[in-house]
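The structure under discussion appears below in the form of structure tokens.
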């Protein structure tokens with residue numbers, strides 16, 4: 001077996017390679033429909049740090065990380081998992097790793113959350129459901145305000161209904177769809193849903209809530225749920241002052257601020273929670289994806305006051321594999337790596353470097369309408385021209401395809417049925433050499449797609 005590890009892309013076959021094609025065919029015969037059918041498949045043989053190798057010997061650099069902030073197969077995570085497997089792989093609640101991780105996780109959280117309590121779940125969607133159940137139990141209210149265009153996972157009932165996206169993958173088979181959930185417009189400043197420009201809008205999107213409170217008393221409303229930094233909608237970072245205003249409004253109305261940090265948490269934006277970039281502390285927060293270093297684990301954290309006033313749903317775990325002992329030791333190793341390698345500071349520093357390169361790119365390519373995001377969560381919105389802002393979906397698809405064929409993995413996302421935003425979410429362990437290589441491939445992919 002070839003033990004060599006690549007640090008930059010190395011493509012040696014046509015893509016997808018023959019072995020990857022074979023796996024894709026077998027998968028189509030055996031499994032349900034894929035979430036997003038693509039001809040850009042690759043069958044993974046092994047992965048390490050920011051690199052992925054396929055069965056055909058091709059090496060890809062991933063700028064599309066969502067579940068592993070510290071990279072794939074980090075040695076510290078592997079060591080912790082192997083050591084734990086020699087003693088026990090099941091049963092968790094009364095174990096040292098189960099408690100150790102909860103104590104260490106709380107220390108990373110801001111404000112009152114650091115003195116609060118957590119509950120384990122296995123997936124981000126389960127964490128969303130637990131968060132909304134806790135919030136309703138604590139407040140004794142039913143109505144939750146969500147946002148158009150945001151999504152909160154899939155596969156569980158409440159998180160699917162909370163999604164402000166009408167795709168069948170989120171809401172298919174659910175009835176009724178509207179169950180005590182209201183929707184507000186998210187501040188998508190490049191395409192303001194309320195027809196304003198940020199320079200003179202005075203955050204009019206916040207005033208929309210007054211319309212909601214005209215129809216529903218605050219005494220009927222549990223709270224407002226947001227994504228810390230909406231990733232799948234096109235990296236829609238809120239404008240300055242918006243989250244501060246939202247937090248203030250929640251406090252004045254006596255309602256909770258619920259934050260989904262499943263994607264955006266664990267340092268991707270240079271802060272442990274993305275909302276810390278705007279000095280916000282949630283009442284309840286969900287965490288997941290990067291949490292276990294590749295193993296399934298998620299959590300809900302909130303204040304002791306909220307937990308202590310809830311009933312038996314606040315029992316600490318939800319589901320058979322919540323807080324699994326192996327996942328707990330892996331998650332502990334993730335926090336240790338983040339601390340020792342100073343990955344939050346790295347994401348903040350290198351994120352600025354990437355954004356500078358992207359801004360230089362926008363000076364050369366008129367199809368770049370907007371560049372946004374923080375740290376290692378960045379978005380490039382592509383348009384047919386900057387005046388009309390018509391989404392350039394086909395262009396985005398060509399760029400993603402070109403990058404794939406050169407060994408760079410990126411994704412396109414968007415709102416209003418579009419996929420015209422190139423999303424860049426590198427692993428926190430990505431080196432400067434890899435960032436430079438990835439951005440060079442991205443630039444080449446733009447040139448090929450546009451000329």
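The values are calculated or read from the model by the stated rules, or taken from the named source; none is laboratory data. Everything numeric here is computed off the predicted structure, so don't read it as measured data. All Cβ positions, even for glycine, are placed from backbone atoms using ideal geometry, and neighbour counts span all protein chains on display.
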* Which one is surrounded by the most Cβ atoms within 10 Å (Cβ to Cβ), of the residues in segment 89-128 that are without any contact (Cβ under 8 Å) to a residue 60 or more places away in the chain and touching a helix residue (DSSP H, G or I) at 6+ places or on another chain (Cβ under 8 Å)? -> 125
* Structure fact -> Selection over segment 286-298 where residues are in a loop (DSSP other than H, G, I, E, B) and crowded, with 24+ Cβ neighbours inside 10 Å yields a count of 3
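Condition test on residue 270, is it at positive phi, modelled with pLDDT of 95 or more and in contact with a strand residue (DSSP E or B) (Cβ under 7 Å, 6 or more places away or on another chain)? Don't jump to the end; show me each part of the working.
On the way: at positive phi: yes; modelled with pLDDT of 95 or more: yes; in contact with a strand residue (DSSP E or B) (Cβ under 7 Å, 6 or more places away or on another chain): yes.
Yes: the conditions hold for residue 270.
Would you point out the residue of segment 361-375, among those that are assigned to a helix (DSSP H, G or I) and touching a helix residue (DSSP H, G or I) at 6+ places or on another chain (Cβ under 9 Å), that is farthest from residue 297 (Cα to Cα)? Before you say what the answer is, go through the steps one by one.
Keep residues of segment 361-375 that are assigned to a helix (DSSP H, G or I), which gives 361-364.
Filter once more, so that each one left must be touching a helix residue (DSSP H, G or I) at 6+ places or on another chain (Cβ under 9 Å): 361, 364.
On the way: 361: 38, 364: 43 Å.
Out of the qualifying residues, it is 364.
Just a yes or no: is a residue in segment 162-182 crowded, with 18+ Cβ neighbours inside 10 Å, at pLDDT 95 or above and farther than 30 Å from residue 334 by Cα? Break it down stepwise before answering.
Initially, segment 162-182 is screened for residues crowded, with 18+ Cβ neighbours inside 10 Å, giving 162-165, 170, 181.
Cutting the leftovers down to at pLDDT 95 or above gives us none.
Within segment 162-182, not a single residue is crowded, with 18+ Cβ neighbours inside 10 Å, at pLDDT 95 or above and farther than 30 Å from residue 334 by Cα.
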* Test set (1) crowded, with 22+ Cβ neighbours inside 10 Å; (2) in contact with a strand residue (DSSP E or B) (Cβ under 6 Å, 6 or more places away or on another chain); (3) modelled with pLDDT under 95 - residue 283 fails condition number -> (3)
* Asked: Does at least one position in segment 48-70 carry a residue that is free of Cβ contacts under 8 Å to residues at least 40 places away in the same chain, more than 27 Å from residue 375 (Cα to Cα) and buried (at least 17 other Cβ atoms within 10 Å of the Cβ)?
  -> yes
* To do: From (1) under 24 Å from residue 96 (Cβ atoms); (2) part of a helix (DSSP H, G or I); (3) at pLDDT 95 or above; (4) touching a strand residue (DSSP E or B) at 6+ places or on another chain (Cβ under 9 Å), pick out the condition that doesn't hold for residue 301.
  => (2)
* Condition test on residue 378, is it in a helix (DSSP H, G or I) and not assigned by TED's automatic domain parsing to the domain that holds residue 132? -> no
* Only one of these conditions is not met by residue 355: (1) closer than 24 Å to residue 426 by Cα; (2) more than 22 Å from the chain's Cα centre (by Cα); (3) surrounded by fewer than 20 Cβ atoms within 10 Å (Cβ to Cβ). Which number is it? -> (2)
* Asked: Of all the residues that make up segment 414-451, how many are surrounded by fewer than 20 Cβ atoms within 10 Å (Cβ to Cβ), farther than 22 Å from residue 363 by Cα and either assigned by TED's automatic domain parsing to the domain that holds residue 188 or touching a residue at least 12 places away in the same chain (Cβ under 8 Å) (or both)?
  -> 5
